[in-house]
Structure formats: structure tokens, C-alpha cells
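Engineer: Take this structure, written in C-alpha cells, and hold onto it; I'll ask about it next.
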Amino acid sequence: MVFFLTVLAGTAGCGQKNTANTMEQTDTQTEKTLEEHFFSAEQDEQNYNVMEEYSEDEEYPDLAAFLTEYYQIPEEECKETRYYYNYTDLNEDGTDEIVAVTIGDTTSDNRGDAALILRPGENGQFEVLGAFSQIHTPVMISEDMENDWHTIIFRGQESGFISAVYREETGYELDEESFVREEPKVSGDRILSDNLINDMDTDNYLTIAPRDTESQN
């Protein structure tokens, strides 16, 4: 923010005194404005808190099998298709849901990757609570709730952010009116915060089908 200081030209004698008074008043007002600005900025920082969370590093065969079937990933792509997932209790019922992102030729393009919101069931089954494409990680789980479920904020293909809210009839769906260019300042957990490029360089990622030992070293 730029502040402009107005200086009034005066003449000798009383004019100089008036000019000095005017400048002093202006300086005082500027200092007050600056103090209010910095206080407001500090308040903004205090009003929201974000926790970073990396994806799980343990293989999840049931999830991998489900993603293979759901996206119809060809067998020859399975060793090259990555998946990332985090547990999160989206409706605060004491049972975690899963947010999973799949990255590969079948599920991704130059505009982003595929994401699923899943409820784990028995015998390796999953209920799909939401399906999204062309998103980027990380994913924000906001403290804000709608219909008793946490709002999920995705970074989308248009260099902006959009919220997904839960509807009783349809599950999670995008709220098109929520699109903004800058990341909303909301409290919550920023999950799937992994550095995907660094993961590729260090072979630190999970694949739908286990890679050969040679490719992991």
C-alpha cells in the first residue's frame, strides 16, 4: 500500500507556522493510518490458521485396485501411474474419509489431475462421495462446513480456486460461484502438500502397481 504525504507550500511569517502545523497533522494522520494498516494485517494473520499435511506413504492395495477399476487404467500404465491419499474426517463423525489424487496418462492432462473423495467400506470397497478432474495439489480442507460437511477447496485449471460443498442428494460438487483467483484465507488443513516434482526426482511416491526393485533405487 502506498501512502501519499501532501505538503502545502506557504509564505513567510504566519504562513510558515500554518504550513508546519498542517505538515505535523498530516504526519500524525499518516502514522495513524500505518498503525491501523499493520494492526489489520496482524489481525488477518491471527484470524486463520493452516496446517500442512503430506500424503500417506504406506501402500494401500485396496485403494490402488479401486482406482484402477474406477478409471479403467490399462495394465501397462499401472507401474507409472502415481496415487496420493490422505485421511480426513469430513463430517466429524469419528470415521475418516479419503481424498485421493491419481496422476498418470489415463487420469491427467496438462490442465491437472483426477481427485476422488471416498468413504472406505468393507472388503476393499469404497463409496464415491465426489469425483473431480483437472485439479492441482495441495487440497484445502476448510474449517467451514456446509450441510455438516467440511468445504473442500481445489486449485483448478484456470489458475484459481474453487470450493466443493456436500449435498445430501449428490455428495460433493463444485460451487461454480465460489471461484476466486487468489487462495481464500480460511483456516483448515492443507493436505496432499507433497512436492510432486521432487517426489519424481527422489522416487518418493506410490504407484498403482508396485514398481520393479531396480526402478526404486
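The values are calculated or read from the model by the stated rules, or taken from the named source; none is laboratory data. As the structure is a computational prediction, the values presented were derived from the model and not from experiment. When we count neighbours, we look across all protein chains shown, and the Cβ atoms used for this are built from the backbone with ideal geometry, even at glycine. Remember, those area values only see protein heavy atoms, side chains included, never the ligands or the DNA or RNA. Shrake-Rupley method; radii C 1.70, N 1.55, O 1.52, S 1.80 Å.
Engineer: Report the GluC sites (Glu not before Pro) located in the stretch 115-217 that are in a DSSP loop and have at most 16 other Cβ atoms inside 10 Å of their Cβ, or state none.
Structural biologist: Working: sites: E122, E127, E143, E146, E158, E168, E169, E173, E176, E177, E182, E214; in loops: E122, E158, E168, E169, E182.
For GluC sites (Glu not before Pro) across the stretch 115-217 that sit outside H, G, I, E and B with at most 16 neighbouring Cβ atoms in 10 Å, the list reads E122, E158, E168, E169, E182.
Engineer: Could I ask something else about it? Tell me, what is the per residue accessible area of the stretch 47-178 in Å², probe radius 1.4 Å? Working shown, then result.
Structural biologist: Details: 7100 Å² over 132 residues.
Value returned for the stretch 47-178: 54 Å² of accessible area per residue.
Engineer: Cα atoms only, the stretch 86-217: Rg and Dmax in Å?
Structural biologist: Cα only, the stretch 86-217: 15.6, 48 Å (Rg, Dmax).
Engineer: Of the heavy-atom accessible surface of the stretch 81-124 (probe 1.4 angstrom), what whole percent is carbon and sulfur? If you can, show how the numbers build up before the last one.
Structural biologist: Numbers: 610 of 1790 Å².
Answer for the stretch 81-124 is 34 percent, counting heavy atoms of protein chains only.
Engineer: I've got another one for you. Put +1 on the Cβ of every Lys and Arg and -1 on every Asp and Glu Cβ in the stretch 85-217; which of A131, G104, Y172 then has its Cα farthest towards the positive end of the dipole?
Structural biologist: G104
Engineer: Based on the Cβ-Cβ distance of E169 and Y48, what FRET efficiency does E = 1/(1 + (r/R0)^6) give at R0 = 22 Å, to the nearest 0.05? Can you show the working numbers first?
Structural biologist: On the way: r = 31 Å, r/R0 = 1.40.
Taking R0 as 22 Å, the efficiency between E169 and Y48 is 0.10.
Engineer: Under a point spin-label approximation (7 Å from Cα along Cα-to-Cβ), what is the E176-I197 distance to one decimal in nm?
Structural biologist: 3.4
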